[in-house]
1. From largest accessible area down, sort VAL59, VAL91; use a 1.4 Å probe on the protein chains.
2. Name the trypsin sites (Lys or Arg not before Pro) in region 88-181 that are in a loop by DSSP and that have at most 14 other C-beta atoms within 10 Å, would you?
3. Looking at the chain, do any whole DSSP H helices span at least 27 angstrom along their long axis by alpha carbon and average -0.5 or above on Kyte-Doolittle, and which?
4. For region 91-148, which chymotrypsin sites (Phe, Trp or Tyr not before Pro) are in a loop by DSSP, counting at most 10 other Cβ atoms within 10 Å?
5. Work out the FRET efficiency for PHE87 and VAL132 from their Cβ-Cβ distance, taking R0 = 35 Å, and round it to the nearest 0.05.
6. Starting at the first residue of region 235-247, write each ³J(HN,Hα) from the Karplus equation 6.51 cos²θ - 1.76 cosθ + 1.60 with θ = phi - 60°, in whole Hz, x for Gly and Pro.
7. Please report the carbon-and-sulfur percent of the accessible area for region 77-136; probe 1.4 Å, protein heavy atoms only, DNA, RNA and ligands left out.
8. Given the options PHE68, PHE248, PHE200, state which has the largest fluctuation in a GNM of the chain using a 10 Å cut-off (strictly under) for Cα springs.
Amino acid sequence: MTVMTDSAAPSADNTPRRRRKPLGTRAYKVFRVVALIVVVLFLLAPLFWMLLASLKTNVDIYDTAKAFIFSPTFENYANVLQRNNYFVFVVNSFWVAFVSTALSIVLGVPAAYAMSRFTMHRSALVVLMARVIPGVSLLVPWYYVFSNLRMVGKFEVLILSHMFVALPLIVYIMMSYFDSLPLELEESAEVDGLTPIGAFRLITLPLAVSGIATAGILSFIFSWNNFMFALVLSGAKTKTLPVAIFDFVSYASIDWGGLMAAATVVTIPIMIIALFTQKYIVSGLTAGATKG
């Protein structure tokens, strides 16, 4: 004869009792949500302040009583886009970023494929060293060489200097991506009659579109935001947006309203690109981590 204890007895309505989650699990979830909110606020607060400051006059920016309640004005944007002709600098930045990224992809993708498939460890080490070397250490030699060649202030110099960082970045990302692709696909294509170059062009390259998009987006963002190379190597006609923003800073004062409006103009295109391409960025960066 078995006796059913009270703890094992079902409830009056015959519904199973739900287990209570441990207190530690609930506390961890609360902590995770709070930490996420703090991090998001920490990252978005400067952008929010920049947007508000771009809609204020310089007097309102210094007035703490008008931090959130003020009369907005678009005079700063008119000053940036019309009077200072910043649209030319936008075109310059886009041209330099686009050409340097395109050339780096054309050169970097085949190089990354060769290093991945033929295990060129020394070449990969050189690429890694190029990623580590700070660009500021090359500015003086670059300026000396290009000034003697009378090339300082031309788009070609800016494109070459940006490729110095973009090309190793693309090779580094694409090597990991090619490592994650199975070699058997190319071997099967060669058995069917394709040459190694044909297998790369028709089989491997279409599969690597996500990685190429990731590398290209990151390279474009770097080139768009680059200030140091353009400050030293650009001229009056080839000035890019980050350098043009510096014009709002003078010896005696800073035009905070115009500076924040120009910074907003620089930031919005990159935020839009990152918003619509985040899926490709995540998939491309994590592709090499799933190998094996």
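The values are calculated or read from the model by the stated rules, or taken from the named source; none is laboratory data. All of these numbers come straight from a predicted model, not from anything done at the bench. Please note: Cβ atoms are built from the backbone with ideal geometry, for glycine as well, and neighbour counts cover all protein chains shown. Please note that ligands, DNA and RNA were not included when accessible areas were found on the heavy atoms of the full protein model with its side chains. Shrake-Rupley method; radii C 1.70, N 1.55, O 1.52, S 1.80 Å.
1. Putting VAL59, VAL91 in descending order of accessible area: VAL59, VAL91.
2. Hits after loop and neighbour filter: ARG150.
3. Taking the DSSP H segments of the chain (at least 27 Å long, mean hydropathy at least -0.5), we get 23-54, 86-117, 155-180, 256-285.
4. When the chymotrypsin sites (Phe, Trp or Tyr not before Pro) of region 91-148 are filtered for loop state and at most 10 Cβ neighbours within 10 Å, PHE118 remain.
5. 0.40
6. Values, residue by residue: x, 5, 8, 10, 5, 9, 4, x, 6, 5, 4, 5, 5 Hz.
7. 74 percent
8. Highest fluctuation of the listed residues: PHE68.
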